[in-house]
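The values are calculated or read from the model by the stated rules, or taken from the named source; none is laboratory data. These numbers were taken from a predicted model, which means no experiment stands behind them. Glycine gets a Cβ as well: all are built from the backbone with ideal geometry, and neighbour counts include every protein chain shown.
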Amino acid sequence: MTIDKDNGNNNGGQFEKADYFKSSSVKLGGERHFILTIGIIIIIFVITAVLTGLSESSGTTDNPVKDAVGWETLRIDGNRNGRYVEFDHEAHKALAGKGETGCRTCHHLSMPNDGPSSCYQCHKDMEKTTSVFDHNYHAKIHPGNSCRECHTGNNEQGQEVKQCSVCHKEYNKDIQYYTKARGYKQAMHANCMGCHEKEDEKLGEKMLSDCGFCHGENY
């Protein structure tokens with residue numbers, strides 16, 4: 001493309017065709033602007049990665065669950081919406097039996113170095129499946145070549161993983177058992193309904209397994 005007059009910036013009346021494959025390619029705003037833009041992109045990437053890591057390590061969920069209130073009689077209201085279930089803890093302890101065997105009827109899994117862990121510590125979301133396993137925490141307590149501590153072989157997708165029982169003797173189930181905790185509502189219903197239905201069979205009528213028996217006027 002040519003022009004009639006040369007204003008000193010068009011190489012003798014003809015525009016230079018930009019070569020986008022060379023370092024001399026046209027950069028909007030010049031080299032300083034280009035470097036600044038790259039710097040901003042890197043900063044945004046780092047901040048995003050840090051925030052994502054914090055979110056994963058803190059176990060945040062779409063519908064986070066809170067612990068029950070009380071002791072002898074628990075008020076179970078996981079999402080604090082006012083619709084609660086009153087759970088007679090002492091009566092259930094008497095039915096299930098005292099000691100470790102009885103506690104495991106409901107507290108089927110406890111966190112390491114903990115007593116009977118509360119349901120919400122594993123079933124962290126009201127609806128969706130969450131993981132009991134905190135990957136970021138394990139990476140921190142195994143510094144250096146941390147990945148090799150658990151991930152054996154050279155499988156990039158991490159399929160070859162040591163079983164939890166290598167470090168936690170009591171965690172002798174398959175690793176999937178500890179990485180897929182059901183939603184809080186589903187877990188509570190499944191755990192409670194199973195026992196209530198068995199008790200109703202003994203009674204010969206549907207009473208304990210009826211929704212209103214637990215939820216009553218509060219649901």
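Laid out as a table, the results:
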| read-out | value |
| --- | --- |
| Residue in region 125-132 that is in a helix (DSSP H, G or I), at pLDDT 85 or above, out of contact with any helix residue (DSSP H, G or I) (no Cβ under 8 Å at 6 or more places or on another chain) and polar (S, T, N, Q) present | no |
| Close pairs from region 187-206: first assigned by TED's automatic domain parsing to the domain that holds Thr105, partner outside any helix (DSSP H, G or I) and not polar (S, T, N, Q), Cβ under 7 Å, at least 6 apart | Ala187/His123; Asn191/Cys106; His196/Leu208; Glu199/Leu208; Asp200/Lys206; Asp200/Met207; Asp200/Leu208 |
| Top-ranked residue in region 99-142 [being over 18 Å from His189 (Cβ atoms) and of a type in the set (A, V, I, L, M, F, W, C); ranked as surrounded by the fewest Cβ atoms within 10 Å (Cβ to Cβ)] | Ile141 |
| In region 155-206, the residues that are in a loop (DSSP other than H, G, I, E, B) and of a type in the set (A, V, I, L, M, F, W, C) | Cys167 |
| Any chance Gly216 is modelled with pLDDT under 90 and farther than 19 Å from Met111 by Cβ | yes |
| Checking Thr101 against (1) closer than 29 Å to Lys198 by Cβ; (2) modelled with pLDDT of 85 or more, the condition it does not meet | (2) |
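Residue by residue, here is whether (1) over 30 Å from Val166 (Cα atoms); (2) of a type in the set (A, V, I, L, M, F, W, C) holds:
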| site | (1), (2) |
| --- | --- |
| Ala68 | yes, yes |
| Arg75 | yes, no |
| Gly78 | yes, no |
| Asn81 | yes, no |
| Glu86 | yes, no |
| Leu95 | yes, yes |
| Thr101 | no, no |
| Met111 | no, yes |
| Pro116 | no, no |
